[in-house]
Amino acid sequence: MSRRSARTGVLLALWVAAAAGALLLGLSAVGAIGSGLTGGASSPPLSAGEIDARLALPAPAPPPPAGSPQRGTPTVLPAGPAGTVLARCVDGAPSVVSVNPAQGYEAGEDDGGRTVKLESDEVEVKVALRCDGTRPAGAVTVEQDD
């Protein structure tokens, strides 16, 4: 047997071994599906009756509100061309959660949640915040810098 045919035989044997290893790895991975990452016992699938019984249960009650202060749901308020302001009402007063300036603008001064200022080189935008009940609202003023 020549050196060339011996090399071909060795390469063929290595290829077959790699293919067999990949096959075994794939089969073990498919066999592990459903057993979780730790290999512990998995819960059996629910029957149609069990699914119906769980769907018939009442929805869980919402968690009780945390003590004072009462916090409203954050609301996105548009700030004209300058971006947006995320605000909520806390005990009837507006509270800024975040200011998200548009490209070319930066957040300016904030006077404790009542007014938010967004500035660019040419424009200054002010958002005066207030609470309408439990929802924040904003009045936008746009001023051109001279």
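Is it the case that some residue within segment 88-100 is assigned to a loop (DSSP other than H, G, I, E, B), out of contact with any strand residue (DSSP E or B) (no Cβ under 7 Å at 6 or more places or on another chain) and either β-branched (Val, Ile, Thr) or modelled with pLDDT of 90 or more (or both)?
The initial filter retains those residues of segment 88-100 that are assigned to a loop (DSSP other than H, G, I, E, B), namely 91-92.
Now narrow it down to the ones that are out of contact with any strand residue (DSSP E or B) (no Cβ under 7 Å at 6 or more places or on another chain): 91.
Subset that is either β-branched (Val, Ile, Thr) or modelled with pLDDT of 90 or more (or both): none.
Scanning segment 88-100, I find no residue that is assigned to a loop (DSSP other than H, G, I, E, B), out of contact with any strand residue (DSSP E or B) (no Cβ under 7 Å at 6 or more places or on another chain) and either β-branched (Val, Ile, Thr) or modelled with pLDDT of 90 or more (or both), so the answer is no.
For THR84, indicate whether it is within 30 Å of VAL127 (Cβ to Cβ), modelled with pLDDT of 80 or more and either assigned to a helix (DSSP H, G or I) or touching a strand residue (DSSP E or B) at 6+ places or on another chain (Cβ under 6 Å) (or both). Even if it seems obvious, please write down each step before you answer.
Values: within 30 Å of VAL127 (Cβ to Cβ): yes; modelled with pLDDT of 80 or more: yes; either assigned to a helix (DSSP H, G or I) or touching a strand residue (DSSP E or B) at 6+ places or on another chain (Cβ under 6 Å) (or both): yes.
Taking the combined requirement at face value, the residue satisfies it.
Of the residues PRO78, PRO64, only one is modelled with pLDDT under 90 and out of contact with any helix residue (DSSP H, G or I) (no Cβ under 9 Å at 6 or more places or on another chain); which? Working first, answer last.
Details: PRO78 fails: modelled with pLDDT under 90.
The conditions single out PRO64.
Given (1) surrounded by 15 or more Cβ atoms within 10 Å (Cβ to Cβ); (2) closer than 18 Å to GLU143 by Cα, where does SER95 come up short, assuming only one miss?
(2)
Looking at segment 26-53, which of its residues are modelled with pLDDT of 90 or more and exposed (fewer than 10 other Cβ atoms within 10 Å of the Cβ)?
Within segment 26-53, SER47, ALA48, GLY49 meet the criteria.
The values are calculated or read from the model by the stated rules, or taken from the named source; none is laboratory data. Note that the coordinates shown come from a computational prediction; the quantities given were computed from them, not determined experimentally. Note that we place each Cβ from the backbone using ideal geometry, even for glycine, and neighbour counts take in every protein chain shown.
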